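K.L.:
Sharing a structure below in structure tokens format, with a few things to ask.
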Amino acid sequence: MNIDLAGKTALVTGSTQGIGLAIAKGLAASGARVVVNGRTPDRVDEAVALLGGDAIGVAADVASDDGTAELLAQLPDVDILVNNLGIFEAVPARQVTDEQWRTYFEVNVLAAVRLIRSYLPAMTERGWGRVIQIASDSALVIPEEMIHYGVSKTALLAVSRGFAKDASGTGVTVNSVIAGPTHTAGVRDFVYQLVDESLPWDTAQREFMRKYRPQSLLERLIEPEEIANMVTYLASEQASATTGGALRVDGGYVDSIVP
């Protein structure tokens with residue numbers, strides 16, 4: 001499949017590392033002008049240098065109103081919006097505080113809502129656009145050790161479906177990608193929160209999957225590039241009839257035959 005995103009500008013939030021950076025690379029490789037976003041200017045600059053080409057960066061905390069305003073001032077319009085920004089941490093269910101619940105909703109849900117609300121009007125006016133949220137298997141299989149995270153990702157699926165209806169008939173598609181357990185630096189730290197820190201990484205990864213993610217049919221962590229492949233497809237013209245969906249790149253983790 002020849003995916004050509006030449007002439008399209010794509011914003012990927014939280015794209016200085018991990019899944020976000022892999023998505024930025026995938027979109028850039030398909031010809032898009034990629035905008036890297038993160039909170040720290042140095043890390044944004046490093047990611048831009050890594051991408052090369054005509055990639056640019058905007059350092060702004062889109063989990064806040066002020067940060068979103070700063071981003072929009074520098075980047076008033078995009079063709080492709082990938083809401084990748086998200087946080088996660090293992091916390092015993094009964095110990096999650098009200099403040100933690102608010103923080104997870106603000107970062108994992110409202111940050112995406114603000115950007116969709118800001119960029120969608122111009123997309124619909126042009127008759128073309130792509131909005132993609134990076135959700136998680138935790139949206140469907142709520143993990144006992146981080147209920148607050150799972151609930152925020154469930155909400156993100158609803159956000160995507162709702163805005164897809166809002167954009168119906170305009171040529172703009174809105175979708176979610178349900179990412180399964182993925183090999184990133186943050187997940188590596190998370191794995192070692194739950195298994196013996198003295199174990200070698202390969203052993204720790206297998207132990208984590210066996211004990212905490214036994215439903216996985218891959219029986220391994222997913223690589224960020226595998227998530228990026230789906231996002232790049234959804235951003236393309238070839239995905240023009242796919243909207244309002246929650247597409248799984250979960251290694252078969254979610255035990256369902258229906259997407």
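The values are calculated or read from the model by the stated rules, or taken from the named source; none is laboratory data. Since the structure is predicted, the reported quantities are computational estimates derived from the model, not experimental observations. Every residue, glycine among them, receives a Cβ derived from its backbone with ideal geometry; neighbour counts consider all protein chains shown. We work out accessible area using only protein heavy atoms, side chains counted, and drop any ligands, DNA or RNA first. Shrake-Rupley method; radii C 1.70, N 1.55, O 1.52, S 1.80 Å.
K.L.:
Considering only DSSP beta bridges whose two residues both sit in the chain, what percent are antiparallel, to the nearest 5?
P.N.:
Restricted to the chain, the bridges split so that about 0 percent are antiparallel.
K.L.:
Would you work out the relative contact order for the stretch 111-184, in percent, from Cα pairs under 8 angstrom that are 6 or more residues apart? Please report the intermediate quantities before stating the final value.
P.N.:
Numbers: 93 pairs, mean separation 29.4, N = 74.
With pairs under 8 Å counted, the relative contact order is 40 percent.
K.L.:
What translational diffusion coefficient, in µm²/s and rounded to a whole number, does the Stokes-Einstein relation yield for the stretch 4-54 at 37 °C and a viscosity of 0.692 mPa s, taking the hydrodynamic radius as the Kirkwood radius over Cα pairs?
P.N.:
Translational diffusion coefficient: 313 µm²/s.
K.L.:
Return the whole-Å distance between the Cα centroid of the stretch 194-257 and the Cα centroid of the stretch 1-37.
P.N.:
20 Å
K.L.:
Write down the Kirkwood hydrodynamic radius of the chain, to one decimal in angstroms, obtained as one divided by the mean of 1/r over all alpha carbon pairs.
P.N.:
With all distinct Cα pairs of the chain included, I get 18.5 Å.
K.L.:
Given a 1.4 angstrom probe, what's the average accessible area per residue across the stretch 97-220, in square angstrom?
P.N.:
45 Å²
K.L.:
List the relative contact order of the stretch 161-233 as a percent without decimals, with contacts defined as Cα pairs under 8 Å and 6+ residues apart. All intermediate terms of the calculation are to be shown ahead of the outcome.
P.N.:
Working: 45 pairs, mean separation 22.9, N = 73.
Relative contact order of the stretch 161-233: 31 percent.
K.L.:
Any chance you could look up the accessible area of Asp189 with a 1.4 Å probe, heavy atoms only, rounded to 10 Å²?
P.N.:
Result for Asp189: roughly 100 Å² accessible.
K.L.:
Below 8 Å, C-alpha to C-alpha, sequence gap of six or more: please give me the relative contact order for the chain in percent.
P.N.:
19 percent
K.L.:
Over the stretch 19-83, what percent of the accessible surface lies on carbon and sulfur atoms, probe 1.4 Å?
P.N.:
47 percent
K.L.:
Take Gln17 and Trp128, extend 7 Å from each Cα along the Cα→Cβ direction, and tell me the distance between the two endpoints in nm.
P.N.:
3.6 nm
K.L.:
What residue among Leu157, Leu110, Leu218 shows peak mean-square fluctuation when the chain is described by a Gaussian network model with Cα springs under 10 Å?
P.N.:
Residue with maximal mean-square fluctuation among Leu157, Leu110, Leu218: Leu218.
K.L.:
Any lysines with Cα under 27 Å of the Lys153 Cα? List them, leaving off those in the same chain fewer than 8 positions away.
P.N.:
Within the straight-line limit of under 27 Å, Lys153 reaches these lysines: Lys25, Lys165, Lys211.
K.L.:
If the cut-off is a Cα-Cα distance under 12 Å, which aspartates and glutamates reach Lys8, setting aside same-chain residues fewer than 8 apart in sequence?
P.N.:
The qualifying aspartates and glutamates are Asp54, Asp77, Asp79, Glu237.
K.L.:
Within the accessible area of the stretch 196-259, what % is carbon and sulfur when the probe is 1.4 Å and the other protein chains stay in place?
P.N.:
51 percent
K.L.:
So how much slack lies between Ser198 and Asp98, counting 0.36 nm per residue of separation and subtracting their Cα-Cα distance, in nm?
P.N.:
That works out to 32.7 nm of additional length.
K.L.:
Same structure, new question: For the chain, modelled as a GNM with alpha-carbon contacts under 10 angstrom, which of Gln95, Gln133, Gln17 fluctuates the most?
P.N.:
Highest fluctuation among the options: Gln95.
K.L.:
Using modelled backbone amide H atoms (1.01 Å from N, in-plane), which distant-in-sequence or interchain residues come within less than 5 Å of Asp250's amide H?
P.N.:
It is Gly180, by chain and number.
K.L.:
What's the FRET efficiency of Arg210 with Ala69 using the Cβ-Cβ distance as r and R₀ = 41 Å, to the nearest 0.05?
P.N.:
Once rounded, the FRET efficiency stands at 0.35.
K.L.:
Then there's this: If you bin every alpha carbon distance in the stretch 1-111 into 5 Å steps from zero, what whole percent lands in each bin?
P.N.:
Each 5 Å bin holds this share of Cα pairs: 2, 12, 21, 22, 17, 11, 7, 4, 2, 1.
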